[in-house]
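The values are calculated or read from the model by the stated rules, or taken from the named source; none is laboratory data. Just so it is clear, the model here is predicted, and its values are computed rather than measured. Every residue, glycine among them, receives a Cβ derived from its backbone with ideal geometry; neighbour counts consider all protein chains shown. Heads up: the accessible areas ignore ligands, DNA and RNA and are worked out on the full protein's heavy atoms, side chains in. Shrake-Rupley method; radii C 1.70, N 1.55, O 1.52, S 1.80 Å.
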Amino acid sequence: ADDQDEVSKSAEGLLIHRVLELFWSQTKSLDKLLSMNDLNLEKVIEGYIAQALKEFEEDHSEIDSRLLLMQQQNLKNQIYTWLSEEKKRPLLQIKDLEKTVEIKINRIRFNIRIDRIDVIQNKYELIVDYKTGKNPTTRKAFFSDTLTDLQIPIYACFLPNKNLAGVAIAHINRRKINLYGITSSKIENI
């Protein structure tokens, strides 16, 4: 829960998710991101951050506006750094954002929410899950007998998707920006 005098790490993660959802719902491809110069990209990011913070403030009117201003700058730095890393990726298009999918494992059914589905090499799909905490599951841990976070393996094994070629974690926080995952041998890199 958010304390009255701060934006919690959980809330910051939700804000990052929301800003990226707004950004990619309009941008839709790496080509379009690459066509933006740095100044234009900053302005676009600032607009989406303002929208996300306005939505956040509607439910958190008790938070001091100076803290929200600081949060705005932190979000801008993180999102800008993340999108600068995205520019280094091979061409991609965004297929879906915040998509709800039903999963069936034997007789168990439940819904999951996928942060993002990229189309890479014009035919394969890559699930991208945003993680904003300090220590998300490592790539090595996916192959460990002691794995406790099953979200990404469930995506990889049980999504009803014939073109799925990989799953990835987009680690975005104040200390670290990274994209890593597991892909089929058909994909050179993500």
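Below are the figures for this structure:
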read-out	value
Criterion: at pLDDT 95 or above, among the small types (G, A, S) and in contact with a strand residue (DSSP E or B) (Cβ under 6 Å, 6 or more places away or on another chain) - qualifying residue of S84, S29, S35	S29
Of the criteria (1) more than 27 Å from Q78 (Cα to Cα); (2) not in a loop (DSSP other than H, G, I, E, B), which one T148 fails	(2)
The stretch 45-94: number of residues that are assigned to a helix (DSSP H, G or I), over 19 Å from S29 (Cα atoms) and open to solvent by less than 20 Å² (accessible area, probe 1.4 Å)	7
Members of the stretch 140-181 found to be among the β-branched types (V, I, T), touching a residue at least 40 places away in the same chain (Cβ under 8 Å) and crowded, with 16+ Cβ neighbours inside 10 Å, listed by number	V167, I169, I172, I177
Evaluation of D129 against (1) part of a loop (DSSP other than H, G, I, E, B); (2) within 26 Å of R89 (Cβ to Cβ) (one fails), failing number	(1)
In the stretch 95-121, residue least open to solvent (accessible area, probe 1.4 Å) [restricted to those that are outside any strand (DSSP E or B) and closer than 22 Å to Q151 by Cα]	N106
Yes/no for S25 being within 21 Å of V128 (Cα to Cα) and small (G, A, S)	yes
Failed item in (1) of a type in the set (A, V, I, L, M); (2) in contact with a helix residue (DSSP H, G or I) (Cβ under 7 Å, 6 or more places away or on another chain); (3) over 16 Å from T81 (Cβ atoms), with A50 passing the rest	(2)
